[in-house]
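Structure first, commentary second.
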Amino acid sequence: MENKSNNRPAPAPRVFSGVQPTGNLHLGNYLGAIRNFVTLQETYDCLYCVVDLHAITVWQEPSVLARHTREVTAAFLACGIDPKTQIIFNQSAVPAHAELAWVFNCVARMGWLGRMTQFKDKAGKHQQNASVGLFAYPNLMAADILAYKSTHVPVGEDQKQHLELCRDIAQKFNNDFDAPDFFPLPEPLIQGPATRVMSLRDGAVKMSKSDKSDNARINLNDNADLIAKKIRKAKTDPRPLPESEEEATTRPEADNLIGIYAALARQSRGDVIQQFAGRSFAAFKNELSDLAVAVLAPIGEEMSRLMAAPDHVDDVLRDGALRAAAIATPIMDDVKRIIGFVR
Ligand code: AQP
């Protein structure tokens, strides 16, 4: 592969992505992120990171952070990420993330970060009380990606703006320090039709770890009975299933359940609508529940097995951190040299 502008070889493709250890891993995290990680490992060298430094931008109880970190790792393994061919690790175990984030704090501009909608959403009306870390979160995300000169990042809708900022930071670093092409400008990897899983209690808000109602989400460690119960109780409207995609878009709760079915069955929404058009929600929910249990229950069982004796999980994290550091350390050495730090 050649970079046409300067005849230098293009950087080797490398994927970076992360999940926060903030508890309650759910179906949205699976369909929107982790399942795609499994597919990407067939094509790319991937780093999958449990981003504990990001997690502490909002308060995390120290006594549960370690358990949540192991839980995300267990989910990666249970979903089928291969820790031998890919790198699974936790962010705080590799110092390059925090080091490069500081450099990027000095490269990125306040105005750039001020435009980030996720900060506004997460800090809400209490911006003055939000941590500085929550504001600077996108700089750390840029560091996560660029500490490995990653070229591709699987992104959901909510992360697109942060990836654009990462590209701006890479470009500004390269320009400011007259180091053309030092950092690649990472590309988004959009995978198939966008999967944004919404709350089971309200089709207008996304399924989220922090939703106060456990019935709003299907957790990856819910057992078969709980999955079935949550789907049975999922909010719907009084009409039968929509007859067309156009109709579905006007009925958020119906649309969400159709989207979940389609994603789990790896079918298009259109096909699912055709299959169930005009049928009752009771019948549809039975089928959705069987499908969800078939896909998710084995993942939950494997996670429980791994969490019962987490030595293997800890070994995976330790080994991953060593291999991640081996990639990041020489890149950080170059960064320090380029900046002019005495070494
Ligand atoms: N509802 C969702 N549908 C599709 N994808 C989702 N993701 C999260 N929620 C949905 C994707 O999961 C990945 C990991 O997310 P994260 O751990 O970095 O945190 P998040 O995006 O903040 O996840 P939550 O569940 O929404 O947590 P809270 O409640 O803390 O805000 C990301 O790729 C994300 O897109």
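The values are calculated or read from the model by the stated rules, or taken from the named source; none is laboratory data. Because the structure is a prediction, the values reported are computed rather than measured. No Cβ is skipped: glycine too gets one built from the backbone with ideal geometry, and neighbour counts run over all protein chains shown. The area values use the complete protein model at the heavy-atom level, side chains included, leaving out ligands, DNA and RNA. Shrake-Rupley method; radii C 1.70, N 1.55, O 1.52, S 1.80 Å.
Residues in region 183-200: is at least one open to solvent by less than 10 Å² (accessible area, probe 1.4 Å), hydrophobic (A, V, I, L, M, F, W, C), touching a His at 6+ places or on another chain (Cβ under 7 Å) and modelled with pLDDT of 95 or more?
No - not one qualifying residue is present in region 183-200.
Looking at Q60, Q128, Q86, Q118, can you tell me which residue is free of Cβ contacts under 8 Å to residues at least 60 places away in the same chain, open to solvent by 70 Å² or more (accessible area, probe 1.4 Å) and not aromatic (F, W, Y)?
Working: Q60 fails: open to solvent by 70 Å² or more (accessible area, probe 1.4 Å); Q86 fails: open to solvent by 70 Å² or more (accessible area, probe 1.4 Å); Q118 fails: open to solvent by 70 Å² or more (accessible area, probe 1.4 Å).
Exactly one of Q60, Q128, Q86, Q118 is free of Cβ contacts under 8 Å to residues at least 60 places away in the same chain, open to solvent by 70 Å² or more (accessible area, probe 1.4 Å) and not aromatic (F, W, Y), namely Q128.
Output the residues belonging to region 39-57 that are in a helix (DSSP H, G or I), out of contact with any strand residue (DSSP E or B) (no Cβ under 6 Å at 6 or more places or on another chain) and open to solvent by less than 30 Å² (accessible area, probe 1.4 Å). Before you say what the answer is, go through the steps one by one.
First, the residues of region 39-57 that are in a helix (DSSP H, G or I): 39-40, 52-55.
Then keep just the ones that are out of contact with any strand residue (DSSP E or B) (no Cβ under 6 Å at 6 or more places or on another chain); that gives 39, 53-55.
Within region 39-57, H54, A55 meet the criteria.
Among what's in region 29-52 and is near the ligand (Cβ under 9 Å from one of its atoms) and not aliphatic (A, V, I, L, M), pick the residue that is nearest to K209 (Cα to Cα).
So, considering only residues that are near the ligand (Cβ under 9 Å from one of its atoms) and not aliphatic (A, V, I, L, M), the one nearest to K209 (Cα to Cα) is N29.
Can you pull out every residue in region 93-127 that is β-branched (V, I, T) and either assigned to a loop (DSSP other than H, G, I, E, B) or under 27 Å from L317 (Cβ atoms) (or both)? Reasoning before the result, please.
Step one: list which residues in region 93-127 are β-branched (V, I, T), which gives 94, 103, 107, 117.
Those that are β-branched (V, I, T) and either assigned to a loop (DSSP other than H, G, I, E, B) or under 27 Å from L317 (Cβ atoms) (or both): V94, V103, V107.
Filter region 137-162 for residues that are part of a helix (DSSP H, G or I), closer than 18 Å to Q91 by Cβ and within 16 Å of the ligand (Cβ to nearest atom) and give the result. Spell out how you get there, then give the answer.
Narrowing region 137-162 to residues part of a helix (DSSP H, G or I): 137-146, 157-162.
Right, trim to closer than 18 Å to Q91 by Cβ and you get 137-146, 159, 162.
Hits for region 137-162 are Y137, P138, N139, L140, M141, A142, A143, D144, I145, Q159, H162.
Identify, please: which residue in region 16-26 is within 12 Å of the chain's Cα centre (by Cα) and open to solvent by less than 30 Å² (accessible area, probe 1.4 Å) and is, among those, farthest from the ligand (Cβ to nearest atom)?
Across region 16-26, the extreme among qualifying residues is F16.
Restricting region 233-266 to residues that are acidic (D, E) and in a helix (DSSP H, G or I), which is surrounded by the fewest Cβ atoms within 10 Å (Cβ to Cβ)?
Let us first name the residues in region 233-266 that are acidic (D, E), namely 237, 243, 245-247, 253, 255.
Among the residues that remain, those that are also in a helix (DSSP H, G or I) are: 245-247, 253, 255.
On the way: E245: 15, E246: 9, E247: 15, E253: 19, D255: 19.
Here the answer is E246.
Quick one: is L27 more than 21 Å from D144 (Cβ to Cβ) and in contact with a Ser or Thr (Cβ under 7 Å, 6 or more places away or on another chain)?
Answer is no for this residue.
Farther than 30 Å from A262 by Cα and modelled with pLDDT of 95 or more: which single residue out of E71, E99 fits that description? Break it down into steps so the answer makes sense when it comes.
Values: E71 fails: farther than 30 Å from A262 by Cα.
The conditions single out E99.
Is it the case that some residue within region 64-77 is assigned to a loop (DSSP other than H, G, I, E, B) and buried (at least 21 other Cβ atoms within 10 Å of the Cβ)?
Of region 64-77, the ones assigned to a loop (DSSP other than H, G, I, E, B) are none.
No, region 64-77 contains no residue that is assigned to a loop (DSSP other than H, G, I, E, B) and buried (at least 21 other Cβ atoms within 10 Å of the Cβ).
Within region 288-321, take every residue that is free of Cβ contacts under 8 Å to residues at least 60 places away in the same chain and over 19 Å from V72 (Cβ atoms) and give me the one that is farthest from the chain's Cα centre (by Cα).
Out of the qualifying residues, it is D290.
Just for region 207-223: of the residues that are over 18 Å from A292 (Cα atoms) and either open to solvent by 50 Å² or more (accessible area, probe 1.4 Å) or not small (G, A, S) (or both), which one is farthest from the ligand (Cβ to nearest atom)?
In this case the residue turns out to be K212.
Can you pull out the residues in region 182-206 that are away from the ligand (no atom under 11 Å from the Cβ) and closer than 19 Å to K122 by Cα?
D202, A204, listed by residue number.
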